[in-house]
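K.L.:
Quick one: structure below, then a few questions.
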Protein chains: 2
Amino acid sequence: MSSRIILLAHGSSDKRWCETFENLASPTLAAVADSRIAYMELAEPSLDQVVAEGAQAGIESFTVVPLFLAAGRHLRKDVPAMIASMEQQHQVRIELAPPIGENPQLGLAIKDVVMQQLTSGG
Amino acid sequence: MSSRIILLAHGSSDKRWCETFENLASPTLAAVADSRIAYMELAEPSLDQVVAEGAQAGIESFTVVPLFLAAGRHLRKDVPAMIASMEQQHQVRIELAPPIGENPQLGLAIKDVVMQQLTSGG
């Protein structure tokens, strides 16, 4: 059985922050069946809510893809601890993928953004 | 005269964090003449160092492109205040571009990363 993809954003009480991540997630959510976005803290749905909902629907395996450019304390300590606790509580497997910023595709996209800005005279 | 591009990353005392951002910046630094990476805090070169170095070389205008997925307190308050102070101190103009994550290109790159991960069975 394939893993349910969960895009994990940091979260914030600022709605504009969450809107930016919802826009960032949108092409993936449209392309990958049954994928979800979740927040680490300060916004909903939380990772725990999304895992719990999936577990109730019979999903046994999840892949968490962090919408973070790099791994800091959150991804090295906090999120692995959250995930270990959720695996036990919901009796599921949760794989933590590398942060998106570790994929060379992101560096190429950043170059495209800067080139766009230069040619638009911005 | 065109603006010198400065890619601004958050910074960290963790070298792995900075290495990830140097990798992310690398295609842009290779493609855009005279562009630089700088850190907001906790790593070098600092934004102030990069602006000071440019000003000494006769650059009058800079465009700071934040390597952030979304704008939080740092980009709404701290960085604009830093920039206002540097403009005065170094007698230059510094434009703050939107964070890269507000460009739709990034959402497409994220989709590509997730699709890669799915097809590689990861």
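K.L.:
Taking H as built 1.01 Å from N, whose amide H comes closer than 5 Å to the amide H of residue B:43, not counting residues under 5 places away?
P.N.:
Excluding prolines and chain starts, which carry no amide H, the hits are B:12.
K.L.:
Here's a follow-up. In percent, how large is the relative contact order of segment B:1-111, given Cα pairs closer than 8 Å and 6 or more residues apart?
P.N.:
Relative contact order of segment B:1-111: 29 percent.
K.L.:
Let me ask you something else. Over 21 Å between C-alpha atoms is what I'm after, so list which of A:15/B:77; A:15/A:111; A:111/B:15 land there.
P.N.:
A:15/A:111; A:111/B:15
K.L.:
For chain A, set up a Gaussian network in which alpha carbons nearer than 10 Å are linked by springs, and say which option among A:42, A:29, A:96 fluctuates the most.
P.N.:
With Cα springs under 10 Å in chain A, the top fluctuation among A:42, A:29, A:96 is at A:42.
K.L.:
Could I ask something else about it? If R0 is 22 Å, what FRET efficiency do you get for residue B:85 and residue B:56 from their C-beta distance, rounded to 0.05?
P.N.:
Once rounded, the FRET efficiency stands at 0.80.
K.L.:
With labels modelled as points extended 7 Å from the Cα through the Cβ direction, what inter-label distance (nm, one decimal) is found for residue A:41 paired with residue B:31?
P.N.:
My value for the distance between the label points is 3.5 nm.
K.L.:
Going by Cα centres, segment B:52-121 and segment A:36-93 are how many Å apart?
P.N.:
28
K.L.:
Also, I was wondering about something else. To the nearest 500 deg cm²/dmol, what mean residue ellipticity at 222 nm is calculated for the protein assembly as shown from DSSP H runs of n ≥ 4 alone, each contributing -39,500 (n - 2.57), summed and divided by the residues?
P.N.:
Working: 8 runs with 110 residues, N = 244.
One gets -14500 deg cm²/dmol as the mean residue ellipticity at 222 nm.
K.L.:
I'm checking a number: the convex hull volume of the Cα atoms of the protein assembly as shown, normalised per residue, in Å³. What is it?
P.N.:
For the protein assembly as shown, the hull spanned by Cα atoms encloses 116 Å³ per residue.
K.L.:
Another question about this same structure. Answer with one residue from A:65, A:114, A:49: the one whose Cα lies farthest towards the positive end of the charge dipole of segment A:3-119, charges on Cβ with Lys, Arg +1 and Asp, Glu -1.
P.N.:
My answer, from the dipole projection, is A:114.
K.L.:
Kindly give the distances from residue A:23 to its copy-mates, label point to label point, with each label point 7 Å from Cα along Cα→Cβ, as nm values to one decimal ordered shortest first.
P.N.:
2.7
K.L.:
Quick query: amide H of residue A:4 versus all other amide H atoms, modeled in the peptide plane; which residues come in under 5 Å with a sequence gap of 5 or more or a different chain?
P.N.:
For residue A:4, whose amide H was placed from the backbone, the distant partners under 5 Å are A:61, A:62, A:63.
K.L.:
Say we join alpha carbon atoms closer than 10 Å with springs in a Gaussian network model of chain B; which of B:37, B:59, B:94 then has the biggest fluctuation?
P.N.:
B:59
K.L.:
For the rotation that superimposes chain B on chain A, which residue of B has the C-beta lying nearest to the axis, and at what distance in Å?
P.N.:
B:109, 2
K.L.:
Next question, about the same structure. Please determine, in degrees from 0 to 90 and to the nearest 10, the orientation of helix B:15-31 with respect to the longest principal axis defined by the Cα atoms of chain B, where the helix direction is its Cα long axis.
P.N.:
Long axis of B:15-31 versus the principal axis of chain B: about 80 degrees.
K.L.:
Rank A:99, A:45, A:27 by mean-square fluctuation in a GNM of chain A with C-alpha springs under 10 angstrom and give only the top-ranked residue.
P.N.:
For chain A, modelled as a Gaussian network with Cα springs under 10 Å, the answer is A:27.
K.L.:
Let me ask something else. Under 1.5 on a/c is rounded, so check that first for chain B, then, if it is not, pick prolate when a/b is larger than b/c and oblate when it is not; a ≥ b ≥ c are the square roots of the alpha carbon gyration tensor eigenvalues.
P.N.:
prolate
K.L.:
Still on this structure, please answer the following. Once you average over the residues of B:64-74, how many Cβ atoms of partner chains fall within 10 Å of each Cβ?
P.N.:
Average per residue, whole number: 5.
K.L.:
Given label points at 7 Å from Cα along Cα→Cβ, what nm distances, shortest first, separate residue A:48 from the same residue in every other copy?
P.N.:
The answer, with the shortest distance listed first, is 4.2 nm.
K.L.:
For residue B:77, which inter-copy label distances result when the label point lies 7 Å beyond Cα on the Cα-to-Cβ vector, reported in nm to one decimal and in ascending order?
P.N.:
Ordered by increasing distance: 2.4 nm.
Values in this text are rule-based calculations from the coordinates and carry no lab data. Bear in mind that the values here come from a model prediction, so they are computed numbers and not experimental data. Cβ atoms come from the backbone with ideal geometry, glycine included; neighbour counts cover every protein chain shown.
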